[in-house]
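For reference, the structure discussed in these notes is given below.
The values are calculated or read from the model by the stated rules, or taken from the named source; none is laboratory data. Worth saying up front: this structure is predicted, and the values here are computed from it rather than measured. Cβ placement follows ideal geometry from the backbone for every residue including glycine, while neighbour counts extend to all protein chains displayed.
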Amino acid sequence: MGQKVNPIAFRTGVTRGWCSRWYASKQDFADLLLEDRKLRNFILKHPKKTQYKSAGIDRIEIERTRDEVRVMLFVARPGLIIGKKGQEIEILQAELQNLIGRRINLKVEEVGRPELQAQLVAQDIAQQLAKRSSFRRTMKRSLETTMDAGAKGIKIQMAGRLGGAEMARREKQIAGSIPLSTLQAKIDYGFTEAMTPQGHIGIQVWINQGTYGDDTDGADAQAGQASKKPKRSYKR
């Protein structure tokens, strides 16, 4: 089941909330759903701002009210999105308003521990593979970093022409426990593709952050002794 079901979708509505929170009639639902998709694609694949890819965007949450659309970015390096004196975030907010023709309230929040977020770990692996790093060494280093940060388990799976081989194959490495069928387990999932000269390599990451209801912020209390940065919020 772990290879066929997205663990985030499996837990959404049971132990995890939605990334888009709004209500609409049947006539408007499809249009607003496409708007959400358009907003996320524009930010993640911005045609001009290449620094957004290295900012470490974990997820984008969208809330809708009668007057405005609230877009919340959870970023590992918020300075690349905010810019000097907040100029970049104002430009991005104006671009999003022109894109959908609605008032946008843009908010940026810092991710405290990027090593425990599966999407950020997958993006970091993809960047290293794009720089011709060894995939086995990269996987091992990511496993060690995440486990040292306090995770209870991590699984990394790659598929493609690994190491420039003629035939595509799949390899994975696991550390700790990954109970994918346990709904109370806080499993984070991330997927991305690494653009290599030999072709695209798919990267999947599962991270066990503990159980829902723990106050450890996804980190084991014994292992998570590293200094935790306070979360900062930036609102325009």
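Structural remarks
- Just one of the listed residues (178, 174) is surrounded by 13 or more Cβ atoms within 10 Å (Cβ to Cβ) and either more than 19 Å from the chain's Cα centre (by Cα) or without any contact (Cβ under 8 Å) to a residue 12 or more places away in the chain (or both), and it is 174.
- For the range 30-37, the criterion of a residue being closer than 30 Å to residue 149 by Cα and either surrounded by fewer than 16 Cβ atoms within 10 Å (Cβ to Cβ) or hydrophobic (A, V, I, L, M, F, W, C) (or both) is satisfied by no position.
- Taking the range 37-70 as the range and being β-branched (Val, Ile, Thr) and either under 15 Å from the mean Cα position of the chain (by Cα) or under 19 Å from residue 115 (Cβ atoms) (or both) as the test, the residues that pass are 43, 57, 60, 62.
- Check on residue 188, at pLDDT below 95, over 25 Å from residue 79 (Cβ atoms) and either of a type in the set (Asp, Glu) or outside any strand (DSSP E or B) (or both): no
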